[in-house]
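So the structure is just underneath, and the comments pick up after that.
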Amino acid sequence: LPGARSKPAKRTKKLLSEENVLALGRKHFSEDFPNPERRGCPPTDQLKSLADNPRKATESTLNHISSCSPCYRDYSRFLRKRKATLRSKPPRRK
Ligand SMILES: [Zn+2]
């Protein structure tokens, strides 16, 4: 059928989310934004709680992570830790 090719679904614009940050990070964040002086960086605690509680993420922190390699690396490390923890505890829901 002519014209029957399905168009790619239009993606709605989303806020930077955990997944987006990680996906972008895989491409380049971990190296492209060196910030040796850690200028404007949130405290490590904040990166950790962000990984623990993505819903509490503030846009400014996510934006910072997306343009700061050291913070991105810290954040993704916390995130991996958290996922490993979640996986080791099977959900007890029925
Ligand atoms: Zn930073």
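Tabulated data for the structure shown
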| quantity | calculated |
| --- | --- |
| Any hit, segment 15-37, residues being part of a helix (DSSP H, G or I), touching a Pro at 6+ places or on another chain (Cβ under 7 Å) and at pLDDT below 85 | yes |
| Single residue of segment 56-68 satisfying the filter (surrounded by fewer than 19 Cβ atoms within 10 Å (Cβ to Cβ) and more than 11 Å from the chain's Cα centre (by Cα)) that is farthest from the ligand (Cβ to nearest atom) | 56 |
| Condition met for residue 47 (within 13 Å of residue 68 (Cβ to Cβ), modelled with pLDDT under 85 and surrounded by 10 or more Cβ atoms within 10 Å (Cβ to Cβ)) | no |
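The values are calculated or read from the model by the stated rules, or taken from the named source; none is laboratory data. Just so you know, these numbers come straight off a predicted model, no measurement behind them. Positions of Cβ are generated from backbone atoms using ideal geometry, with glycine treated the same way; all protein chains shown enter the neighbour counts.
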